């Protein structure tokens, strides 16, 4: 399984990273549109939408605004979408402790979960494309940050995990694993700040923001775990051998991307367009 995961990551992940690092913004927009389209298709399946037409409608509701927003960056509407994304993920953080499992009524929640696909994936797609337009290497850094947080949490959880983080949502996650992931993010952020030659205050802010984004990425992972528990599914799909579905691979990233961009702009670590 581990070998298969590595081969899949190398075969798909490296070309994607190369495109992000050196490719044009329209190419990244196309990549993001494909990825969020596949993710929304899987999301439709997890929420119980039956039939191709219903799934295609959800895909269109996600991909169309991502493309429209990606073609016209740096408008007031984009800042409003980022603000909404921050509020959206804050609301999810506040709601997670109250989740008690699918037995409390899956049916009535389906429309909300379908709407959540649009509310989650559209800001994420727009955020990635906009961040790439401002600084492609920040997108690469964000992807590495999410991967490091997940990997650090996995190994720390296996070695030291004792206390469950969210047993009703994801029984395998532990608080010790979360701490290990954040320590790994801290190390990555310090290295990135040094490589960027940030002044001390900017470096401190950048590191603190990175740690916050590490936490946000865990929230995205837990939210997708709720979707899977509601559907009684282990994975969101089977498109990626050894990894499951597309949504399984980007669940943390979709939460992290708009919040990271909002933080960079708000903290003036990236220039606010038009100013």
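The values are calculated or read from the model by the stated rules, or taken from the named source; none is laboratory data. All values reported here derive from a predicted model rather than from experimental measurement. When we count neighbours, we look across all protein chains shown, and the Cβ atoms used for this are built from the backbone with ideal geometry, even at glycine.
Among the residues of the stretch 74-88, none qualifies, meaning not one is assigned to a helix (DSSP H, G or I), farther than 24 Å from residue 271 by Cβ and more than 19 Å from the chain's Cα centre (by Cα).
None of 28, 34, 93 is within 23 Å of residue 133 (Cα to Cα), at pLDDT 95 or above and surrounded by 14 or more Cβ atoms within 10 Å (Cβ to Cβ) except 28. The lone criterion from (1) more than 19 Å from residue 227 (Cβ to Cβ); (2) surrounded by 15 or more Cβ atoms within 10 Å (Cβ to Cβ); (3) touching a helix residue (DSSP H, G or I) at 6+ places or on another chain (Cβ under 8 Å); (4) at pLDDT below 95 left unmet by residue 8 is number (3).
Identify, please: which residue in the stretch 14-45 is in a helix (DSSP H, G or I) and free of Cβ contacts under 8 Å to residues at least 12 places away in the same chain and is, among those, nearest to residue 146 (Cα to Cα)?
Once the filter is applied, the top-ranked residue is 14.
For the residues 158, 175, 162, the requirement of being surrounded by fewer than 21 Cβ atoms within 10 Å (Cβ to Cβ), free of Cβ contacts under 8 Å to residues at least 24 places away in the same chain, more than 26 Å from residue 58 (Cβ to Cβ) and touching a strand residue (DSSP E or B) at 6+ places or on another chain (Cβ under 6 Å) singles out 175. Identify, please: which residue in the stretch 126-162 is modelled with pLDDT under 95 and not in a helix (DSSP H, G or I) and is, among those, nearest to residue 19 (Cα to Cα)? Filtering the stretch 126-162 for residues that are modelled with pLDDT under 95 and not in a helix (DSSP H, G or I), the one nearest to residue 19 (Cα to Cα) comes out as 161. Looking across the stretch 183-206, just one residue is in contact with a helix residue (DSSP H, G or I) (Cβ under 7 Å, 6 or more places away or on another chain) and part of a loop (DSSP other than H, G, I, E, B), and that is 198.
Out of 222, 212, 204, I need the residue that is modelled with pLDDT of 95 or more, in contact with a strand residue (DSSP E or B) (Cβ under 9 Å, 6 or more places away or on another chain) and within 19 Å of residue 260 (Cα to Cα). Which one?
Selected residue: 222, the only one of 222, 212, 204 that is modelled with pLDDT of 95 or more, in contact with a strand residue (DSSP E or B) (Cβ under 9 Å, 6 or more places away or on another chain) and within 19 Å of residue 260 (Cα to Cα).
Scan the stretch 66-82 for residues that are in contact with a helix residue (DSSP H, G or I) (Cβ under 7 Å, 6 or more places away or on another chain), farther than 19 Å from residue 252 by Cβ and touching a residue at least 60 places away in the same chain (Cβ under 8 Å) and the total you get is 4.
When you look at residue 48, is it more than 18 Å from residue 220 (Cα to Cα), surrounded by fewer than 17 Cβ atoms within 10 Å (Cβ to Cβ) and touching a residue at least 12 places away in the same chain (Cβ under 8 Å), yes or no? Spelling it out, residue 48 is indeed more than 18 Å from residue 220 (Cα to Cα), surrounded by fewer than 17 Cβ atoms within 10 Å (Cβ to Cβ) and touching a residue at least 12 places away in the same chain (Cβ under 8 Å).
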